[in-house]
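To keep things clear, I will list the structure first and then write my remarks on it.
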Amino acid sequence: MLKVLKFGGSSMASAAQYAKVKAIVDADETRSVVVVSAAGKRTADDHKITDLLYLCHAHMRYGVSCDAVFGMLSQRYLEIRDALGLSTDLEGELAKIREGMENGMSEAALASRGEYLSGLLMADYLGFEFVDATQWLRFSLDGTVDQDWSYAALRELAAGKHIVIPGFYGAMADGSIRTFTRGGSDITGALAAAALDADIYENWTDVSGILMADPRIVENPEPIPRVTYTELRELSYLGAQVLHEDTIFPVAEKNIPLNIRNTNDPTHPGTVIMERFDEDEEPADERRFITGIAGKKDYAVVSISKRGLSSEIGAIRKAFEIFENHGLAVEYTPNGIDTFSLVVSGAKLDKSLHSIISQVQEKLGTKDIQVKKDLAIVAAVGRRMANRPGISGRVFSALGREGINIRLISQDPREVNIILGVDSQDFAATVRVLYDSFVK
Ligand code: ASP
């Protein structure tokens, strides 16, 4: 049994948080690989170390002193070390970073130092070996991770050991440091879990898993105990974001369970994400037909109509091409017989609306084009909805009872979602009605 754990910025923010991390790691001998973020915010108006490092680099670029900012971030780490009574040579490490900065250290290399220092301190505190990300996480020239090389390197470095790895960065073949996009320590954790064929990837953060609905809309929504990657994709696409969006690929490939846990509430089981769950193990709980509800406002629908359109060859392609040429992603395409509609981001459409309309008129030979704005999309997502009659009936009658007008309906044949378009002003009410009728 081997567990890979990743602790995010809030879990690494102070000595008190380090103590919680240690209690979690020490509670289970199989928690042998620990990936850490840079120190995050202690309070809402605090600074993230990574932000300070980027700020430092910007100062240097413009020839402005960054002593004050560097002093702040140094202080954060020194405080943690001293409060925990550790002997890590931070002064030496900080001096090396300063020296690097004077010698033109790259932005990525400087930004990575938050994770690096966190890793050194946490390794010292846990009594684990520190394995630098540059020793195993290799980027190819095209910016993707060289998985074969990286996995083999980590397997060798980690064999039979308890280790701490800094998240967020790795190295190119020439040794230069490269980072993922922001929040990328999640990906490091997933890669480590996949490399080591971990039994589980525990992603420790400051929430007890993914919630069934947005807590700003639904009061105290329940956490989702189990969710598949497909469902998660649907939910996060429409707004529910807990993980970096590239996190899931390495662990999904190997069907390694990803467990989101709360460092501040370690007994809570959180949310388990997997490629698939064994149906027999699924609780036959009526309330769980729906896994979660997500949505986004401010879509626009462009409806194109023309007599005989349904039998015209290539019309839809032409319309798609026009949107593509304007750099607009078409998110849904509900169709009628001689009408089809394209749902796109309202803000993006605004910028090219006139040009799009004139091209549709010209290339599709119709003037019957309607644009409706202020559409919200709400999706009820759930793998257990498939092959279960009556679910959409329940959705529609609940909304009807509340007097909410549905402007668009779509369901893909996998039946993992029911997507509804409503007026933006009905957005919150729609989410609440769905939640109440399925979960409460
Ligand atoms: N420290 C990095 C960031 O703030 C990466 C991470 O925490 O995942 O984006």
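Of everything in the range 144-201 that's under 17 Å from the mean Cα position of the chain (by Cα) and open to solvent by 50 Å² or more (accessible area, probe 1.4 Å), which residue is farthest from the ligand (Cβ to nearest atom)? Ranking the candidates gives T181 first. When we screen I217, I224 for residues that are farther than 27 Å from L154 by Cβ, more than 16 Å from the ligand (Cβ to nearest atom), modelled with pLDDT of 90 or more and touching a Gly at 6+ places or on another chain (Cβ under 6 Å), the only hit is I224.
When V360 is tested against the conditions (1) open to solvent by less than 40 Å² (accessible area, probe 1.4 Å); (2) within 32 Å of the chain's Cα centre (by Cα), the lone failure is (2). Scanning the range 29-67 for residues that are out of contact with any Phe, Trp or Tyr (no Cβ under 8 Å at 6 or more places or on another chain), within 16 Å of the ligand (Cβ to nearest atom) and in a loop (DSSP other than H, G, I, E, B) turns up G40, K41, R42, A44, D46, H47, K48. So, E107, is that one within 16 Å of the ligand (Cβ to nearest atom) and out of contact with any Asp or Glu (no Cβ under 8 Å at 6 or more places or on another chain) or not? When the stated conditions are applied, E107 passes them. Considering the range 327-337 alone, what residues qualify as being open to solvent by less than 50 Å² (accessible area, probe 1.4 Å) and at pLDDT 90 or above? Answer for the range 327-337, where residues must be open to solvent by less than 50 Å² (accessible area, probe 1.4 Å) and at pLDDT 90 or above: L328, V330.
Quick check, is I49 more than 30 Å from G160 (Cβ to Cβ) and surrounded by 12 or more Cβ atoms within 10 Å (Cβ to Cβ)? Answer is yes for this residue. Out of all the residues in the range 237-246, is one or more under 18 Å from V35 (Cα atoms), within 16 Å of the ligand (Cβ to nearest atom) and crowded, with 24+ Cβ neighbours inside 10 Å? Within the range 237-246, not a single residue is under 18 Å from V35 (Cα atoms), within 16 Å of the ligand (Cβ to nearest atom) and crowded, with 24+ Cβ neighbours inside 10 Å. Taken across the range 395-405, residues that are charged (D, E, K, R), open to solvent by 10 Å² or more (accessible area, probe 1.4 Å) and touching a strand residue (DSSP E or B) at 6+ places or on another chain (Cβ under 9 Å) do not occur at all.
Could you go through the range 72-91 and let me know if any residue there is farther than 16 Å from A13 by Cα, within 16 Å of the ligand (Cβ to nearest atom) and either open to solvent by 10 Å² or more (accessible area, probe 1.4 Å) or not in a helix (DSSP H, G or I) (or both). There is no residue in the range 72-91 that is farther than 16 Å from A13 by Cα, within 16 Å of the ligand (Cβ to nearest atom) and either open to solvent by 10 Å² or more (accessible area, probe 1.4 Å) or not in a helix (DSSP H, G or I) (or both).
Of all residues in the range 229-241, which are in a loop (DSSP other than H, G, I, E, B), touching a strand residue (DSSP E or B) at 6+ places or on another chain (Cβ under 9 Å) and of a type outside the set (G, A, S)?
Scanning the range 229-241 gives a single hit, L238.
Mind checking which residues of the range 1-28 are within 16 Å of the ligand (Cβ to nearest atom) and of a type outside the set (S, T, N, Q)? Of everything in the range 1-28, those that are within 16 Å of the ligand (Cβ to nearest atom) and of a type outside the set (S, T, N, Q) turn out to be V4, L5, K6, F7, G8, G9, M12, A13, Y18, V21.
Looking at L121, L117, just one residue is among the hydrophobic types (A, V, I, L, M, F, W, C), part of a helix (DSSP H, G or I) and either within 12 Å of the ligand (Cβ to nearest atom) or under 17 Å from L154 (Cβ atoms) (or both), and that residue is L117.
The values are calculated or read from the model by the stated rules, or taken from the named source; none is laboratory data. Nothing here was measured: the structure is a model prediction, and the numbers come from that model. Quick reminder, even Gly has a Cβ in these numbers, built from the backbone with ideal geometry, and neighbours come from all protein chains shown. Each accessible area value is taken on the protein alone, full model and side chains, heavy atoms only, with ligands, DNA and RNA left out. Shrake-Rupley method; radii C 1.70, N 1.55, O 1.52, S 1.80 Å.
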